[in-house]
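Input: a single structure, listed below in structure tokens.
Bear in mind these aren't lab numbers, they're just calculated from the coordinates by the rules spelled out. Just so it is clear, the model here is predicted, and its values are computed rather than measured. With ideal geometry, Cβ positions are generated from the backbone for all residues, glycine too; neighbour counts draw on all protein chains shown.
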Amino acid sequence: MISGIVFGILLVGSFGFFTWNVWKIRQNILLGRELDRTDNPKERWRTMILVAFGQKKMFQRPIPAILHLFIYAAFVITQIELIEIVVDGFSGHHRIFRPALGGFYTFIISFIEILSVLAFVATIAFLARRNLLKIPRFTMREMVGWAKTDANLILFFEFLLVTCIFMMNGADEVLYSRGLSHAENLGDGSFGFAVTQHIGPAFFGGLSDGALHVIERIGWWGHIVMVFVFLNYLPFSKHFHILLAFPNTYYSNLEKKGRFTNLASVTNEVKLMMDPTADPFAAPADGAVAEPQRFGAKDVTDLTWKSLLDAYTCTECGRCSSACPANQTGKLLSPRKIMMETRDRLEVVGDNIRKHGKEYDDGKSLLFDHITEEEIWACTSCNACVQECPVNIDPLSIIMEMRRYLVMEESKMPSELTGMLTNIENNGAPWQFSPTDRLNWKDE
Amino acid sequence: MSNLRVPTMAELMASGETAEILFWVGCSGSFDDRAKKITKAIVKILNHCDVKFGVLGTEESCTGDPAKRAGNEFTFQMQAMMNIQVLDGYEVKKIVTGCPHCFNTLKNEYPELGGTYEVIHHTQLIQELIDSGKLTVQGGTYKGKKITFHDPCYLGRANDVYEAPRELITKLDAELVEMKRCKTNGLCCGAGGAQMFKEAEKGNKEVNVLRTEDALEVAPEIIATGCPFCNTMMTDGVKHFEKEQEIKVLDVAELIANAADL
Ligand code: SF4
Ligand code: SF4
């Protein structure tokens with residue numbers, strides 16, 4: 001009874017807090033500029049199923065892909081067991097589904113146990129990769145402080161979670177064989193779960209009945225508490241990608257990667273300049289008089305909502321940066337850092353707006369305070385980062401928006417580019433050649 | 001000296017003829033000494049196959065790609081609108097480009113501004129010519145030579161064209177060797193995104209040197225590309241390692257033109 005109430009409070013509390021934090025993130029993402037990504041739903045579903053659910057792009061690197069798949073599969077399948085835990089937690093029963101499901105129950109739990117063993121192995125391998133092997137993409141300069149702690153903490157949580165599952169099932173197995181489990185006794189002497197029917201007796205076989213009950217309860221409560229902790233940790237962590245990977249891949253850019261957006265506001269002005277008969281005071285065709293927007297992006301609110309969703313989806317895996325030509329040649333630019341800074345800045349901007357209202361300005365911005373001009377100008381627009389990202393994030397579009405801001409709003413750019421642009425405007429070529437010489441090659 | 005036939009669209013119009021396809025030469029192909037050779041190789045192929053093409057000549061202007069990648073949307077759209085006026089004036093339907101950057105911009109970014117054309121890269125056109133039997137190449141010149149292909153970002157990742165240039169290389173009876181990073185994983189030469197026109201930011205290496213290292217690993221006799229900028233970058237990279245005697249950097253169009261003895 002008491003435990004049922006405690007359980008209920010924990011459940012409601014943790015789902016409530018989780019929902020509140022997810023709501024805040026949603027609000028933050030909607031601070032971004034509009035962008036229509038609702039076309040072609042069939043292709044979008046397909047992309048989501050392949051890339052998020054099927055993890056297609058992960059398999060570019062098979063070893064981490066398989067380890068990651070173990071954890072992912074264990075995570076998804078364990079949710080089934082969670083249903084029973086929740087029902088047991090409220091009703092005070094123990095293994096309520098077992099009598100009814102019979103052999104199928106044994107199969108499901110065995111499946112969970114096997115995946116948990118694999119996840120256990122994967123977790124240890126990942127901890128070793130991060131902390132012992134010194135793989136370059138995990139030790140770049142942005143992977144310090146919270147980013148590093150976050151990555152290790154998640155793995156540690158996973159480790160604890162799996163340990164709890166085995167404590168719970170292992171101790172219960174021994175109790176059951178002694179006829180002392182709280183689960184309904186079907187007279188078969190063993191649950192028959194693939195893993196714990198062996199490791200249960202091996203680890204806990206020599207313990208007293210009392211000790212076993214304590215271990216079983218620690219495992220049970222530990223498991224469910226870890227789930228609640230995990231759930232509420234998600235919105236503060238790169239681990240949020242387990243949820244956002246789905247919408248983020250659904251709203252992927254389906255165009256060719258080389259196609260950059262054309263700024264519509266510029267199109268209108270250029271048309272006016274080129275058409276002497278146009279009426280400069282005519283209302284825009286779509287009727288809506290848009291408030292003048294900044295060209296490009298200085299702060300997070302100048303980016304599209306998709307870029308902001310990208311930022312929250314980033315797994316900080318660093319595949320983008322390890323494929324980036326600028327990063328590989330020692331330049332400051334790291335597309336992962338672009339995504340991490342965008343997220344960090346958005347968190348601050350979102351909190352400011354909730355506290356002080358929409359007009360509040362803290363005097364800071366994503367460009368300059370978080371991302372430097374030097375980083376922005378080092379990009380070759382090669383799309384390697386976009387290609388590599390396992391959850392279809394587009395760091396390049398953020399970089400391009402910042403270039404637009406620098407060039408069109410502040411006229412700030414490397415001096416050679418000023419010359420290049422002047423050449424295009426004056427001679428129709430990025431170099432100083434006369435347009436009348438354009439066909440000279442024919443006779444040379 | 002040149003016996004190339006390069007009619008301009010204006011000339012064709014004056015004599016009442018039409019072109020099946022417009023050859024968009026590009027700034028690099030028009031003005032850069034190395035790239036002009038690639039342009040001529042493309043023209044030789046077009047002439048040899050009697051393709052009815054035209055160029056804009058002095059009416060051609062930068063597509064605006066470098067301006068756009070540098071963040072100047074105004075200059076880009078001005079260029080685009082002016083070019084679209086010219087192209088539409090000649091009722092152009094199909095365009096072949098000698099440069100992946102022109103290719104990408106014309107193909108992907110002009111339609112929204114009112115300029116919709118069928119745009120192909122020169123390697124795709126050459127492949128069409130071979131497939132339709134208009135052009136035959138024998139191995140001869142390049143038979144058995146080790147050739148590696150460097151994917152231009154704006155042809156490969158940006159537009160998913162990976163096979164056309166490779167099929168042309170295999171037509172030469174050459175040994176196509178792939179670098180460890182190729183196709184979707186290809187490493188940039190370092191020129192894109194307006195980098196061609198500025199100094200690189202501070203780092204510990206030049207991108208083209210890193211990419212040339214990839215190429216040297218497979219010990220090719222020829223590094224083939226399909227982009228005048230990649231060509232410059234890889235040529236400089238090969239010079240950096242003082243390998244210019246052993247390794248040539250050539251455009252796929254040049255390989256085909258040489259092999260077909262044009
Ligand atoms: S597009 Fe820019 S940021 Fe992305 S990999 Fe290429 S150089 Fe790096
Ligand atoms: S942007 Fe994508 S590839 Fe880069 S760190 Fe984030 S999830 Fe990984």
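Observations
- Cys residues of chain A counted as unpaired, since no other Cys beta-carbon is under 4.7 Å: A:Cys164, A:Cys314, A:Cys317, A:Cys324, A:Cys379, A:Cys389
- Theoretical FRET efficiency, 1/(1+(r/R0)^6), r = Cβ-Cβ of A:Leu153 and A:His182, R0 30 Å, to 0.05: 0.35
- Rounded to the nearest 20 debye, the dipole size of segment B:136-259 about its Cα centre is 100 debye, using +1 on the Cβ of Lys and Arg and -1 on the Cβ of Asp and Glu.
- Short-range pairs are left out: with C-alpha atoms under 8 Å and at least six residues apart, the relative contact order of chain A is 19 percent.
- Two-site FRET efficiency, B:Lys94 against A:Leu243, from Cβ-Cβ distance with R₀ of 41 Å, rounded to 0.05: 0.30
- Mean per-residue shielding of peptide A:266-273 is 5, counting Cβ atoms of other chains within 10 Å of each Cβ.
- Helical runs assigned H by DSSP (4 residues or longer) give chain B a calculated mean residue ellipticity at 222 nm of -11500 deg cm²/dmol, each run adding -39500 (n - 2.57) before division by the residue total.
- Tilt relative to chain A, helix A:395-404 - C-alpha long axis, 0 to 90 degrees, to 10: 30
- Debye, to nearest 20: dipole size of segment B:54-108, +1 on Lys, Arg Cβ, -1 on Asp, Glu Cβ: 220
- Kirkwood Rh and Cα Rg combined as Rg over Rh, evaluated for chain A: 1.09
- Built amide H within the under 5 Å cut-off of B:Asp251, gap 5+: B:Thr225
- Prolate is the label for segment B:136-259, because the ratio a/c of its alpha-carbon gyration tensor axes (a ≥ b ≥ c) is 1.5 or higher and a/b is greater than b/c.
- Helical mean residue ellipticity (222 nm; -39500 (n - 2.57) per DSSP H run of 4+; nearest 500) of chain A: -19000 deg cm²/dmol
- Loop-located GluC sites (Glu not before Pro) in segment A:173-275 whose Cβ has at most 10 other Cβ within 10 Å (DSSP): A:Glu255
- Loop-resident sites, segment A:357-410, for GluC sites (Glu not before Pro), counting at most 15 other Cβ within 10 Å (DSSP): A:Glu359
- For segment B:136-259, the relative contact order works out to 33 percent when only alpha carbon pairs closer than 8 Å and six or more residues apart are counted.
- For chain A, the longest principal axis of the Cα atoms and the long axis of helix A:209-233 meet at an angle of about 10 degrees.
- Selection among A:Ile9, A:Ala264, A:Tyr251 by position relative to the dipole of the protein assembly as shown gives A:Ile9 as farthest towards the positive end (Cβ unit charges, Cα centre).
- Net lengthening on full extension, A:Arg217/A:Arg33 (0.36 nm per residue, minus Cα-Cα): 61.2 nm
- Residues with amide H under 5 Å from that of B:Thr8, placed H, sequence gap 5 or more: B:Val55
- Pair B:Ala14, A:His93: separation of 7 Å Cα→Cβ label points (nm): 9.3
- Label-to-label distance, A:Asn352 versus A:Ile66, with points set 7 angstrom from Cα along the beta-carbon direction: 4.8 nm.
- Whether chain B is rounded, prolate or oblate, judged on the alpha carbon gyration tensor where a/c under 1.5 counts as rounded: oblate
- Between A:Ala128 and B:Asn47, the FRET efficiency from the beta-carbon distance, with R0 = 41 Å, is close to 0.05.
- Among the trypsin sites (Lys or Arg not before Pro) found in segment A:107-206, those both in a DSSP coil and sparsely packed, with 16 or fewer other Cβ atoms within 10 Å of their Cβ, are A:Lys134, A:Arg141, A:Arg178.
- Ranked for footprinting exposure by Cβ neighbours inside 10 Å, fewest first, B:Asp251, B:Asp32 give B:Asp32, B:Asp251.
- Among A:Ser265, A:Ser208, the order by Cβ neighbours within 10 angstrom, fewest to most, reads A:Ser208, A:Ser265.
- Under 5 Å, built H, 5+ apart or other chain: amide partners of A:Thr304: A:Arg33
- Nearest-ten-degree value, helix A:2-29 long axis tilted from longest Cα axis of chain A: 10
- Student exercise, chain A dipole from Lys, Arg, Asp, Glu Cβ charges, in Debye to nearest 20: 820
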